[in-house]
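The values are calculated or read from the model by the stated rules, or taken from the named source; none is laboratory data. Everything numeric here is computed off the predicted structure, so don't read it as measured data. Note that each Cβ is placed from the backbone with ideal geometry, even for glycine, and that neighbours are counted across all protein chains shown.
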Amino acid sequence: MYVGACLVRLSIPGARSLKDKRQVVRSLLDRSRAKFGVSAAEVADNEAWQYASLGFSSVSNDHAHAEEVLNAVVPFIENLRPDVEVLSVTMEVSRLDP
């Protein structure tokens, strides 16, 4: 079994309040879950208005598939919300033996 995790740090310059930020974050998380079947959550920067750290994970029986799914999330975010800047992406796929 392979478990992939991806941390995406975003800048949301148009957010003027936590409410603005949370609308953007909720949309990105919900649409990523629906399109890619990943688990997704805001994992840090919860109280920062213009920054968000989103975590995505994928479980697969194939290393390449887990990596492919996570690699597709970042361009999806960039295309879905061109007003949001991706600051950094950290990804790791690990094998877990049963």
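Assess whether Ala72 counts as being touching a helix residue (DSSP H, G or I) at 6+ places or on another chain (Cβ under 7 Å), modelled with pLDDT of 95 or more, within 23 Å of Val3 (Cβ to Cβ) and outside any loop (DSSP other than H, G, I, E, B).
yes
Out of (1) at pLDDT 95 or above; (2) among the polar types (S, T, N, Q); (3) out of contact with any Asp or Glu (no Cβ under 8 Å at 6 or more places or on another chain), what's the single condition that is false for Ser53?
(3)
Only residues in the stretch 70-98 that are under 23 Å from Ser60 (Cβ atoms) and without any contact (Cβ under 8 Å) to a residue 60 or more places away in the chain count as the first member; pair them with residues that are surrounded by 13 or more Cβ atoms within 10 Å (Cβ to Cβ) and of a type in the set (Phe, Trp, Tyr), Cβ under 8 angstrom, at least 6 apart or cross-chain, and list the lot.
Ala72/Phe36; Phe76/Phe36
Given the conditions (1) of a type in the set (Asp, Glu); (2) outside any loop (DSSP other than H, G, I, E, B); (3) without any contact (Cβ under 8 Å) to a residue 40 or more places away in the chain, report the number of the one that Glu67 does not fulfil.
(3)
Which of the residues that make up the stretch 1-40 are among the aliphatic types (A, V, I, L, M), in a strand (DSSP E or B) and more than 18 Å from Val93 (Cα to Cα)?
Matches in the stretch 1-40: Leu10 only.
It is to be established whether one or more residues within the stretch 75-97 are among the basic types (Lys, Arg), surrounded by fewer than 13 Cβ atoms within 10 Å (Cβ to Cβ) and in a strand (DSSP E or B).
Taking every residue of the stretch 75-97 in turn, at least one turns out to be among the basic types (Lys, Arg), surrounded by fewer than 13 Cβ atoms within 10 Å (Cβ to Cβ) and in a strand (DSSP E or B).
Select from the stretch 51-64 the residues that are surrounded by fewer than 17 Cβ atoms within 10 Å (Cβ to Cβ) and either farther than 22 Å from Pro98 by Cα or free of Cβ contacts under 8 Å to residues at least 24 places away in the same chain (or both) and list them in ascending order.
Ala64
Every residue in the stretch 30-64 that is on the phi > 0 side of the Ramachandran plot and of a type outside the set (Asp, Glu), please.
The answer is Gly37, and nothing else.
Criterion first (crowded, with 16+ Cβ neighbours inside 10 Å, closer than 21 Å to Val93 by Cα, touching a Gly at 6+ places or on another chain (Cβ under 7 Å) and not basic (Lys, Arg)) does Glu67 satisfy it? Write out each step before concluding.
On the way: crowded, with 16+ Cβ neighbours inside 10 Å: yes; closer than 21 Å to Val93 by Cα: yes; touching a Gly at 6+ places or on another chain (Cβ under 7 Å): yes; not basic (Lys, Arg): yes.
Here the answer is yes, as Glu67 does meet what is asked.
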